[in-house]
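The values are calculated or read from the model by the stated rules, or taken from the named source; none is laboratory data. What you are looking at is a predicted structure, and each value in this text was computed from that prediction instead of being measured. Glycine gets a Cβ as well: all are built from the backbone with ideal geometry, and neighbour counts include every protein chain shown. Surface accessibility is based on the protein's heavy atoms, side chains included, excluding ligands, DNA and RNA. Shrake-Rupley method; radii C 1.70, N 1.55, O 1.52, S 1.80 Å.
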Amino acid sequence: MSKITTELLLERAVPRSTRLRKIETLNLSKLQLKAGDLDPRLFSRLRHLQKLDLSDNLLEKFPNSLSLPDLRVLNCNNNKLEDVTALKQFPLLEELTYENNDLTLNDDYKVMFLLENLRLLNGKDITKQANHVRRVNSRKLTSKVTAHWKKFFHDQLPEKYTAEQVNSIKEKFLKSVQTNIVHGPSSLSEFTRWRVKMIAEEFLTYSLGLELNTDPEPEEKMDENEEESTESPREDAEDVGQQHSSVYIYDPLVTVTPSKRKRNNSKSGSRNKKSKSQANVKEDVAVKPLHFLQCHSKGNSREDFKTQLWSCVFEPLLDSGARKDPIVSSSRTVATCGGESICLIDCETGTVLKKYKVATEEFFSVAWTTLTMTISDSRKKSHNILAAAGRRGIVKLIHVAADFCYGEIKAHKKPIATVCFSPARETHLFTASYDKRIVLWDIGIPDCDYNFKASQLLVLESLSIPLRIALVPTCPEQYLVAGCENSCLAWNIKLDKEQKSRPFETIFQFPDEEGGLTTAHRVDGLAFLNDDVVVSKSSKPGCIYLWSWSRSYTKAKGCQRTVSAVILAELEWSTTDMSYLTLSTCPAKAFVFCGDEKGGVWMYNLSNYTTAWSSAKGKRSDKRIPPTQILKWPELRANGEQLNEEVLVNNVVSDPAFTYLVVLTSVNITAIWKKS
């Protein structure tokens, strides 16, 4: 019979349809179809297909690129299927049946691993079993693979090696782990070998930086000209033990010369001289470059210098009473996000400990919280949970220690610009979105099977897109401040009030370029330096404001009040009009950090000013405060070639004790500096 045509698809739609893109249910059973009849170009037009019946055909395999991003239910009963790995192209699949095919129990386990949203397999609920396969099984096999390398192969790879030596080691290692690593019943030996090979290949690529001579299936890419789709992404929690970034910028193969990049920039030069003149009061901080990593590359490409990196936050220590003493509450592990991935990096070693991918996402923000969870033996234990969100408006909840994304919250229909947890209530998460709303969620506490229930507690209405949010340190359950696309606003967020959807209470005025006051300005940087001093960066080029929260807010009277921010000082900064180069603070050390449009990091030590500002009669500093110093972007060389990309510093964050400084850039490079 002839191959599938557009007319046949329209006729077989349930109900019949006039447009391919409108079809949600399709019955292609009993048509004697073979794999070659499933034309990927034709199927790619079925963008909203959710249910597909291919039962009672002659399919021996699936084509690799059918492009059915919204497929939820698939029936393949009574075919000749011999392999299931191609089903990974359907990440949203929830129900799958493939009885009466040439498949085994090993294929069931492969499907459970590959399809994270799968609930029903051949009519049976496999949720708990699948979680075990993805988490416990993967963790144990990863441990065995790592141990096998250390015991038998670690010493075989010389410090300087040829391509021939690398290929020989890889071939021997892959063969050895598949032969010698045994786990689980013998009936699952094929699945075990399949997973061990996969884990070993990832281990070689990420932990050792060894390129694999494999021929991976091409990754599906979203057409940039199409509208934003609503399909959920393919998620891949990469459990590969300790990994390095896919591209090394700072390793034995790459030299980093931390010299200043040559530029004709007299303004920056003069400002740097000012900061040097201030050395009589504050000495320059001795900071050295440690690592320059390229771990967010799309498809692990070494040529990716386009992926933007946006957010990073240090992981809290579980045994430090994190909410009481921030100085000792942070580890040297930092979570970073950008593009389709989230990375956990050991700042001291530069090792990428874990990597989490969602193929159709662009992550903008990450935040940590610590939850007390009940584990399998009914004991309660503290665990760090990472929340991540971005362009798709969905919050991913990741139990990092278990390498498991256990849930998601469909928080907004538009992108989420930033997220943050309440320091007072560990399950309370704020999400700020392009829909001009800030929503407070209670994410709940997952049980031992990772069942959880999230609930919406509060909606804050904004005048424009909220870009940065901060809870007032002295009353984090009462007030929230937001820097927005066209304003700076504050809300009362007390939950004892009946109103669940609230307009802002206060809009703040700041000086404009003509010497007057304005409420209409983009605030793309916002953070508290201490309990009272707010640091904000607005659309006025060349300066960052420090202002008093308490003295500004107490001036306000009435509903939706307009008040002038009580400015304490201005920080001298770049004269660029480039937006979204955000700032951060290190309250314990009284430091402010902000990157610029040329790869520089402006550092301000304000410890000599904070005492005066804390006084109720504290006066505004008459002159702009210059940076204590500016860290210049170093000259980077990869494989003997200089990297000449222009660098924007999107974000720069220190740990609470200011031991490490993590710099996120517009060129897919994470720079880690360490204070000597």
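Quick notes on this structure:
- The range 624-646, residues that are at pLDDT 80 or above, part of a loop (DSSP other than H, G, I, E, B) and among the hydrophobic types (A, V, I, L, M, F, W, C): W633
- Within the range 449-462, the set of residues being open to solvent by 70 Å² or more (accessible area, probe 1.4 Å) and within 19 Å of I126 (Cβ to Cβ) comprises just one member, N451.
- Residue within the range 400-420 that is assigned by the TED database to the domain that holds N650, crowded, with 20+ Cβ neighbours inside 10 Å, in contact with a His (Cβ under 9 Å, 6 or more places away or on another chain) and without any contact (Cβ under 8 Å) to a residue 60 or more places away in the chain present: no
- Index of the failed condition, N451 passing every other in (1) in a loop (DSSP other than H, G, I, E, B); (2) touching a residue at least 24 places away in the same chain (Cβ under 8 Å): (2)
- Subset of the range 114-138 [open to solvent by 40 Å² or more (accessible area, probe 1.4 Å), in a helix (DSSP H, G or I) and touching a helix residue (DSSP H, G or I) at 6+ places or on another chain (Cβ under 8 Å)]: Q129
- Residue count for the range 575-615, restricted to those that are out of contact with any Pro (no Cβ under 8 Å at 6 or more places or on another chain) and part of a loop (DSSP other than H, G, I, E, B): 16.
- Considering residues of the range 523-543 that are in a strand (DSSP E or B) and β-branched (V, I, T) only, the residue farthest from L581 (Cα to Cα): V533
- Qualifying residue in the range 56-68 (condition: under 16 Å from E24 (Cβ atoms) and either touching a Lys or Arg at 6+ places or on another chain (Cβ under 9 Å) or open to solvent by 60 Å² or more (accessible area, probe 1.4 Å) (or both)): yes
- Test: residue in the range 369-376 that is buried (at least 20 other Cβ atoms within 10 Å of the Cβ), under 16 Å from the mean Cα position of the chain (by Cα) and more than 18 Å from L460 (Cα to Cα): yes
- Among the numbered conditions (1) open to solvent by 50 Å² or more (accessible area, probe 1.4 Å); (2) under 12 Å from the mean Cα position of the chain (by Cα); (3) modelled with pLDDT of 95 or more, the only one that E426 does not meet is (2).
- Residues of the range 647-666 that are out of contact with any Ser or Thr (no Cβ under 8 Å at 6 or more places or on another chain) and either at pLDDT below 95 or not β-branched (V, I, T) (or both): F658, T659, S666.
- Residue match in the range 616-623 (condition: modelled with pLDDT of 90 or more, open to solvent by less than 30 Å² (accessible area, probe 1.4 Å), part of a loop (DSSP other than H, G, I, E, B) and in the same structural domain as D532 (by the TED database)): no
- Filter result for N106 (free of Cβ contacts under 8 Å to residues at least 40 places away in the same chain, polar (S, T, N, Q), outside the structural domain of G407 (by the TED database) and surrounded by fewer than 19 Cβ atoms within 10 Å (Cβ to Cβ)): no
- Residue list for the range 18-45, restricted to those being surrounded by fewer than 18 Cβ atoms within 10 Å (Cβ to Cβ), assigned to a loop (DSSP other than H, G, I, E, B) and under 39 Å from the mean Cα position of the chain (by Cα): R19, E24, D39, S44, R45
- Every residue from the range 438-456 that is more than 21 Å from the chain's Cα centre (by Cα) and within 24 Å of L467 (Cβ to Cβ): Q456
- Candidates L74, L81, L96, filtered to the one that is under 18 Å from K30 (Cβ atoms), buried (at least 19 other Cβ atoms within 10 Å of the Cβ) and either of a type in the set (S, T, Y) or in contact with a strand residue (DSSP E or B) (Cβ under 7 Å, 6 or more places away or on another chain) (or both): L74
- Look at the range 539-559: where a residue is among the hydrophobic types (A, V, I, L, M, F, W, C) and modelled with pLDDT under 75 and a partner is assigned to a strand (DSSP E or B) and crowded, with 17+ Cβ neighbours inside 10 Å, sitting 6+ places away or on another chain with Cβ atoms under 7 Å, you get A556/T506; A556/V563.
- Among (1) assigned to a loop (DSSP other than H, G, I, E, B); (2) buried (at least 22 other Cβ atoms within 10 Å of the Cβ); (3) of a type in the set (A, V, I, L, M, F, W, C) - the single one V652 does not satisfy: (1)
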